[in-house]
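Worksheet: the structure to be examined is printed underneath.
Here, each number is a calculation from the coordinates, and none is a lab measurement. Here the structure is a predicted model, which is why all the values come from computation and not from measurement. Neighbour counts are summed over all protein chains in view; Cβ atoms, including those assigned to glycine, are modelled from backbone coordinates with ideal geometry.
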Amino acid sequence: MLNYKNILAVGALLCVATPSFAATIVKVMEEGEGGGTMSLTVDQPTVKAGDVIFQVHNDAMTEEHEMVLVKLKSADQKVAVLQSKHRVDEHQLKSLGEVSELKPGSDGSLKTKLTPGSYLLLCNIKGHYEAGMHALLTAVK
Ligand SMILES: [Cu+2]
């Protein structure tokens, strides 16, 4: 039986489950297996600043991937790879969030708000950045 309280609860759930219509969707494809070439690609190099939802798909057969979103100071900012760890030094970057531990064949998403500027998407699992898992994204007004 629906009483007033139940109706409020259902309404609140619908609000959470429905994405904002203003949000831009960026599709991110992750591919590649350990020891080989890997890639992280976005379906558009430039997006409008504002609400953005990254929909990430790990298309690998056996390899786990992740997607870390960082804001760059400029499009040509050099990103340091720690040679001993084969990972990017995330402490020197401003992370805006991530989709972590994405199993092969699975999907994940990250919703965020982008201000105009340059962003880097990367997979920072050991060796993956060096194998090619990074892409630039520019947000414009
Ligand atoms: Cu990866």
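Around Cys123, what is the net charge, scoring Lys/Arg as +1 and Asp/Glu as -1 over all other residues with Cβ under 9 Å from its Cβ? Show your work: numbers first, answer last.
Working: positive: none; negative: Glu30, Glu66.
That sum, taken over residues with Cβ under 9 Å, equals -2.
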Check your understanding: To the nearest 10 degrees, how steep is helix 4-17 against the longest Cα principal axis of the chain, on a 0 to 90 scale?
Key -> 20 degrees
Study note, to complete from the structure: Projecting the Cα atoms of Gly132, Asn58, Val26 onto the charge dipole of the chain, where Lys and Arg contribute +1 and Asp and Glu -1 at Cβ, the residue farthest towards the positive end is Val26
Practice item. For the chain, give the magnitude of the charge dipole about the Cα centre (Cβ charges: +1 Lys/Arg, -1 Asp/Glu; no others), in debye to the nearest 20. Key: 740 debye
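Tally the DSSP beta bridges in the chain and give the antiparallel ones as a percent, rounded to 5. Provide the component values of the computation, followed by the final result.
Values: 31 of 41 bridges.
Approximately 75 percent, going by the DSSP bridge assignments.
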Review point. Cα gyration tensor of segment 26-91, axes a ≥ b ≥ c as square roots of the eigenvalues: rounded (a/c below 1.5), prolate (a/b > b/c) or oblate?
Key: oblate
Review point. What is the pair-distance distribution P(r) of the chain, computed from all Cα-Cα distances in 5 Å bins starting at 0, with each bin given as a whole percent?
Key: 2, 10, 18, 20, 17, 12, 7, 5, 4, 3, 2, 1, 0
